[in-house]
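The values are calculated or read from the model by the stated rules, or taken from the named source; none is laboratory data. The structure displayed is predicted, hence computed values, not measured ones. Cβ coordinates were reconstructed from backbone atoms using ideal geometry, including for glycine residues, and neighbour counts include every protein chain displayed. For the accessible areas, the whole protein counts, side chains as well, though only heavy atoms, and no ligand, DNA or RNA atoms are used. Shrake-Rupley method; radii C 1.70, N 1.55, O 1.52, S 1.80 Å.
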Amino acid sequence: MITIIDYDAGNLKSVEKAFLSLGEETAVTRDKSEILKADKVVLPGVGAFGDAMEKLNQYGLTDVIRQVTDRGTPFLGICLGLQLMFEGSDESLGAAGLGLLEGRILKIPDSPGLKIPHMGWNSLDILPGSRLFKGISTGEYVYFVHSYYLKAADESVVAASTEYSTYIHAAVEKDNLYACQFHPEKSGDTGLRILKNFVAL
């Protein structure tokens, strides 16, 4: 069972549809007992960092997420979900993230000729041996929508990177923790392969 955490953050349906298209039993819920017994847990989301953390706290989900990740359940953050897994964001100063991994979310710097938010397809530089990108060649394109980006404190957790105005940590994996800044559910066959790899963990 793939459990998608519902915290009013949008984009949940498209993630659910992607897993269903892979033939996976999927539940969208904020029920703590359901989340705790899931085989795998996904934290998607679009929106503002501070608002999202407020919702997670309001629904009592921050402790549940920590319990799930502490017990070794495979956990995937998507877009805003990736950002929330880290310590904090320039978007919402003073709002603490989940702190599952060390690093901060920074504003994409202005650059001549580049629009922010970054919306569109970018190629990935993939770290060899990444479990999330098994069978996917470096240089494959995926779909991004974001104004803020991850700078991980420990570069050894970075599974894929991209360039857009700056060097962006586009995906991470450490132990049972996985996350993508881009949207695999909107990234065609490549994105579905990433989700399939997560399912197979």
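Here the strands (runs of 3 or more DSSP E) wholly within the range 132-190 that include at least 1 residues being charged (D, E, K, R) and under 23 Å from ASP110 (Cβ atoms) are 148-152, 158-163. Helices (runs of 4 or more DSSP H) fully within the range 46-122 that include at least 3 residues being modelled with pLDDT of 95 or more, closer than 23 Å to TYR143 by Cα and touching a helix residue (DSSP H, G or I) at 6+ places or on another chain (Cβ under 8 Å): 80-84.
Scanning the range 169-195 for residues that are among the aliphatic types (A, V, I, L, M) and buried (at least 24 other Cβ atoms within 10 Å of the Cβ) yields ALA170, ALA171, VAL172, ALA179, ILE194, LEU195.
Scanning the range 65-90 for residues that are open to solvent by less than 30 Å² (accessible area, probe 1.4 Å) and without any contact (Cβ under 8 Å) to a residue 40 or more places away in the chain turns up VAL68, GLY88. Looking across the range 35-45, just one residue is assigned to a helix (DSSP H, G or I) and surrounded by fewer than 17 Cβ atoms within 10 Å (Cβ to Cβ), and that is LEU36. Residues in the range 149-161 that are in contact (Cβ under 8 Å) with a residue 40 or more places away in the chain and surrounded by 22 or more Cβ atoms within 10 Å (Cβ to Cβ): TYR149, LEU150.
For the range 91-105, filtered to residues that are out of contact with any Lys or Arg (no Cβ under 9 Å at 6 or more places or on another chain) and over 16 Å from LYS174 (Cα atoms), the residue that is most open to solvent (accessible area, probe 1.4 Å) is LEU93.
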